[in-house]
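Before any comments, here is the structure.
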Amino acid sequence: MDKNIAWCPGCGNFGILNTLKQALAELNLKPQDICLVSGIGQAAKIPHYLDCFFNGLHGRALPSATAIKAVNPKLTVIAESGDGDMYGEGGKHFIHTIRRNPDITNLVHNNMVYGLTKGQASPTSQCGFMTPVQVSGVSEMPFNPIAVAISLDASFVARAFSADIEQTKEIIKAAIQHPGYALVDILQPCVSFNKVNTYQWFKDNTYYLEKEHNPCDRQAALKWALENEKFALGIFYKSEGKQVFAAKEE
């Protein structure tokens, strides 16, 4: 679709949009086979730029996606929003969607700040991060979605970095093909309102999970998720054989 994209030049959302397009094309998924669901926010604009979208309320992408999958199991359903929308306003839905385990993919654009509302701290903002509202810096520990998802035995948990197109694409493809709820937390910079967690900062503070890591090992996955010095990238955990809510029809 040819549309004016309302993101700042250099925004990490561009990389995620392009990567998602590549992943869907390589999986041979056509627009009529997909429903891309979002809530509200800069990241939540992404479905508007693909011809297969549904817009939910603020923080409500996951229940909308679950309902869509329940009534049309043949659709590939992807819930996509930012860290504020998904982990803040949508936090309770995040937890209970993991419990329910619908066959949907959950892509979260995590830039550690609220972008649409001009730079307030989000649930994933780091301690000390200063904003026009948090003038003395954030005092709370950041929410760790990877650790929470693994603790709740989510059936697929991964983290990617928007600038690494190839790895992000392969993770998204694996998440879409996984039967059950699949979380992909995608680190990305906000070039307008987060001058701390920049492209270079993420490059310096991320690393790839060891090739020997077994994603079926929940304890090992949780260990990597709780790493505080830097952010591990890759597929942390996969739980095979969990009962799937509204499973695909044969």
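From the list 180, 234, the one residue that fits, being surrounded by 13 or more Cβ atoms within 10 Å (Cβ to Cβ), touching a residue at least 40 places away in the same chain (Cβ under 8 Å), in contact with a His (Cβ under 9 Å, 6 or more places away or on another chain) and within 30 Å of residue 42 (Cβ to Cβ), is 234. Checked against (1) farther than 22 Å from residue 162 by Cβ; (2) out of contact with any Gly (no Cβ under 9 Å at 6 or more places or on another chain); (3) free of Cβ contacts under 8 Å to residues at least 24 places away in the same chain; (4) buried (at least 19 other Cβ atoms within 10 Å of the Cβ), residue 54 meets all criteria but (4). Of all residues in the stretch 103-135, those being in contact (Cβ under 8 Å) with a residue 60 or more places away in the chain and within 16 Å of the chain's Cα centre (by Cα) number 13. The set of residues from the stretch 200-213 being more than 11 Å from residue 234 (Cα to Cα) and in a loop (DSSP other than H, G, I, E, B) comprises 205, 212. Among the candidates 6, 25, the residue that is modelled with pLDDT of 95 or more, of a type in the set (Gly, Ala, Ser), more than 14 Å from the chain's Cα centre (by Cα) and farther than 23 Å from residue 94 by Cβ is uniquely 25. The sole residue among 165, 171, 150 that is modelled with pLDDT of 95 or more, surrounded by fewer than 24 Cβ atoms within 10 Å (Cβ to Cβ), of a type outside the set (D, E, K, R) and under 30 Å from residue 26 (Cβ atoms) is 165.
The values are calculated or read from the model by the stated rules, or taken from the named source; none is laboratory data. The structure displayed is predicted, hence computed values, not measured ones. Please note: Cβ atoms are built from the backbone with ideal geometry, for glycine as well, and neighbour counts cover all protein chains shown.
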